[in-house]
Amino acid sequence: MPPKKAKDRRKKAKDRRKAEQPALRELLRIPPGRKVDLSSYDPRATPAGPPDKQTGLAATTLMGEDLFELQERLYAAATGGDRRRLLLVLQGMDTSGKGGTVKHVVRVFNPSGCRITAFKTPTEEERSHPFLRRIFQALPGPGVIGIFDRSHYEDVLIVRVHDLVPRAQLGRRYAQINQFEEMLADDGITIVKVFLHIGYEEQRRRLLQRLDNPDKHWKFNPGDIEERALWPDYRKAYEIALERCSTRTAPWYLVPSDRKWYRNWAISKLLLEHLEELDPQYPKDHFDVDGFRKRLLEET
């Protein structure tokens, strides 16, 4: 498709999305102060989504073109002094699709403008510092889209479930996280926090798939079975985190994730809405374009 026609098509699609009410992020957002009961959210639901899988896959592919352009503009804007960037935070139960989401996002974006961090169990050295230190060190720079596969929320999730710190210290961490995210927003970071909501039976199905397929044995962790036994405790830990840390500055978005195609569509849509709101622009030229063009044409 010629560049002008492609640009016109994208503009029409953008105008159409703007006319849609409400925005997906309004539907998926956990409002600040709301009591959260995860059992009231259907993990197989498809809020505002396409009518079926094939339509959803096509719509996701189409959004990829706009996401790529917006990422390029964000990256280019940083060369002109724009400090803004975007951070996608992914949290969810085991097998909820954090890795699959990262793979999907990376496929859409230019890798040179992405920074992916998968947070594992803290090392001894990391545990000797405040829990937010390693998060701070992994933040994306200006113009970059950062993706966190797990995050600082592990320090109020697994830590709560396994009683790894005193409860008084744990209680203070929620406020520290909110203050930290407020500081990031003030520094130009748009935070998109996504909780991938998977059902108990769907997790069992996915774990069985890993066991039944030798090619997926590498993805299976025996510890997942032990952690699955703690499902009610993890659900409660997530409910508390969603309640206390969904703020106006950095709200949580709950994405039903039993249907992978919807998960990918919804996260693409959330990213698109946030990037369109940022509306990054290519920096203005600060050199003699015509002069340099003339020199190149005059070369012998």
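The values are calculated or read from the model by the stated rules, or taken from the named source; none is laboratory data. What you see is a predicted model; the values in this text were computed from it and never measured. As a convention, Cβ positions derive from the backbone with ideal geometry for all residues, glycine included, and neighbour counts pool all protein chains shown. In case anyone asks, the SASA skips ligands and DNA or RNA and just uses the protein heavy atoms, side chains included. Shrake-Rupley method; radii C 1.70, N 1.55, O 1.52, S 1.80 Å.
Assess whether residue 145 counts as being under 30 Å from residue 80 (Cα atoms) and touching a Cys at 6+ places or on another chain (Cβ under 6 Å). So residue 145 fits the description; yes. Residues in the range 170-207 that are within 15 Å of residue 240 (Cα to Cα) and of a type in the set (S, T, N, Q): 176, 178. You will find that of 89, 36, the residue that is open to solvent by less than 20 Å² (accessible area, probe 1.4 Å), among the aliphatic types (A, V, I, L, M), under 30 Å from residue 141 (Cβ atoms) and at pLDDT 90 or above is 89 and no other.
The set of residues in the range 181-224 being exposed (fewer than 12 other Cβ atoms within 10 Å of the Cβ) and among the polar types (S, T, N, Q) consists of 213 alone.
Residues 282, 262: which one is surrounded by 10 or more Cβ atoms within 10 Å (Cβ to Cβ), out of contact with any strand residue (DSSP E or B) (no Cβ under 7 Å at 6 or more places or on another chain), in contact (Cβ under 8 Å) with a residue 60 or more places away in the chain and over 26 Å from residue 180 (Cβ atoms)?
282
So, in the range 92-101, how many residues would count as being crowded, with 22+ Cβ neighbours inside 10 Å and part of a loop (DSSP other than H, G, I, E, B)? Number of matching residues: 4. The residues in the range 45-82 that are without any contact (Cβ under 8 Å) to a residue 40 or more places away in the chain and assigned to a helix (DSSP H, G or I) can be counted, and the count is 4. The residue list 133, 115, 127 contains one member that is surrounded by fewer than 19 Cβ atoms within 10 Å (Cβ to Cβ), of a type in the set (D, E, K, R), more than 23 Å from residue 258 (Cβ to Cβ) and touching a strand residue (DSSP E or B) at 6+ places or on another chain (Cβ under 6 Å), which is 115. Screening the range 102-112 for residues that are out of contact with any Leu (no Cβ under 6 Å at 6 or more places or on another chain) and β-branched (Val, Ile, Thr) and picking the one that is surrounded by the fewest Cβ atoms within 10 Å (Cβ to Cβ) gives 106.
Just give me the residues in the range 26-44 being under 16 Å from residue 197 (Cα atoms) and not in a loop (DSSP other than H, G, I, E, B), in sequence order.
The first filter runs over the range 26-44 and keeps only residues under 16 Å from residue 197 (Cα atoms), leaving 27-30, 36-44.
The answer is 27, 28, 29, 30, 38, 39, 40.
For the range 60-86, a residue qualifies if it is in contact with a helix residue (DSSP H, G or I) (Cβ under 6 Å, 6 or more places away or on another chain) and either open to solvent by less than 30 Å² (accessible area, probe 1.4 Å) or more than 23 Å from residue 277 (Cβ to Cβ) (or both), and the qualifying residues are 60, 63, 64, 66, 67, 70, 71.
In the set 197, 152, 162, only one residue is without any contact (Cβ under 8 Å) to a residue 40 or more places away in the chain and either among the basic types (Lys, Arg) or over 30 Å from residue 82 (Cβ atoms) (or both); that residue is 162.
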